[in-house]
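The values are calculated or read from the model by the stated rules, or taken from the named source; none is laboratory data. Keep in mind it's a predicted model, so treat the numbers as computed, not measured. Virtual Cβ from ideal backbone geometry, glycine too; neighbours counted across all protein chains shown.
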Amino acid sequence: MFKKSNGTSGNYYQDEIPPDRGTNHSPAKFLKRLGGAGIGMVFVVLAVIAALNSTYTINEQEQAVLVTLGQARSVTTPGLHFKIPFIQDVIKVDTTIQGFSIGYDDEYNHSMEEESLMITSDYNFVNVDFFVEYRYSDPVKAVYASSEPVAILKNICQSCIRTVIGSYPVDEVLTTGKNEIQANIKEMIMAKLEKQDLGVQLVNITIQDSEPPTIEVMEAFKAVETAKQGKETALNNANKYRNEKLPEAEANADAIVKSAEAEKTQRINEATAQVARFNAMYEEYIKNPEITKERMFFEAMEEVLPELKVIIESPTGDVQTFYPIESFATINPGSEATTESAN
């Protein structure tokens, strides 16, 4: 482990102090000159350092890893905690939601084409920027599973992003399919993180911006987006008109149906009454067919010829009957003279 020193006499090693070399540098002589008071001061200083290193505090948005002789365990309870000085060590982990960009440099405010430039399923190029939000879910795994868990997370995100973007046409990437693409990418990243078991949890991943790499293509896709928005506006107006007119038409249809049902009920009642009337007349007809026939004849003639007067004489010629029967007060003098002249 060590090498002997060359050019000097003796059997001591390079890292050792040769005995009796320098009259004032011997440890024993130094402690002897220091005396008991100096040794006490040394112990006091060591005690103060030990006391200061025996406590640690965890904030609300932190967790800690307590390492005891190489064995680690997580400490998640906020507040003041104790540890054994010089034997136990504490590594704090920030558990708040953190994030980073993919395809965009936040510091210099410009796009990074080596990350953002991707190819779609229909062999078109697009620039897509993402923002990834994550948090440490297990402090022990976050500290010991990998030396750079965030870098691994970023590589996983870039791989999943390119895989999903490559399965969609350029039109959906730039316009209508963003929500679906984000959901698929998030699901794929979470599955890979579960296999890696890094102690890092994906909170969310969102598309910040997506655009074609050239100005001409960008303008064309903006025109497509404008046309689609116009289509949606027309559909919304049509649905609004339908929602306004449909209740009115349904109300009119309901009124027509109710009117028809009322007329149906009325006609059924009239027909039922006519049937009952006919049955009653038929019962009377069975009792006295001849009389009923005559009565029906006279009623029919009265209805057809309302001015007709019927005179019925008895076989002896004495009794006369008028139909319809008129009041004697309404007989005019001309009719009396006619009756006397007839006698």
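Identify the residue in the stretch 125-135 that is touching a helix residue (DSSP H, G or I) at 6+ places or on another chain (Cβ under 9 Å) and not hydroxyl-bearing (Ser, Thr, Tyr) and, among all such residues, is farthest from ILE189 (Cα to Cα). Looking at the filtered set, the residue picked out is PHE125. Answer with yes or no whether GLN63 is surrounded by fewer than 18 Cβ atoms within 10 Å (Cβ to Cβ) and either assigned by TED's automatic domain parsing to the domain that holds ASN184 or within 35 Å of the chain's Cα centre (by Cα) (or both). Here the answer is no, as GLN63 does not meet what is asked. Among the residues examined, ALA238 does not qualify as among the aliphatic types (A, V, I, L, M), at pLDDT below 90, more than 24 Å from the chain's Cα centre (by Cα) and not assigned by TED's automatic domain parsing to the domain that holds MET118. In the stretch 167-194, the residue that is farthest from MET118 (Cα to Cα) out of those that are of a type in the set (A, V, I, L, M) and without any contact (Cβ under 8 Å) to a residue 12 or more places away in the chain is ALA191.
Condition (residue is at pLDDT below 85, part of a helix (DSSP H, G or I) and not β-branched (Val, Ile, Thr)) applied to the stretch 257-275: is it met by at least one residue? No. From the list ASP122, ASP105, ASP138, the lone residue that is more than 30 Å from ASN53 (Cβ to Cβ) and out of contact with any helix residue (DSSP H, G or I) (no Cβ under 7 Å at 6 or more places or on another chain) is ASP105.
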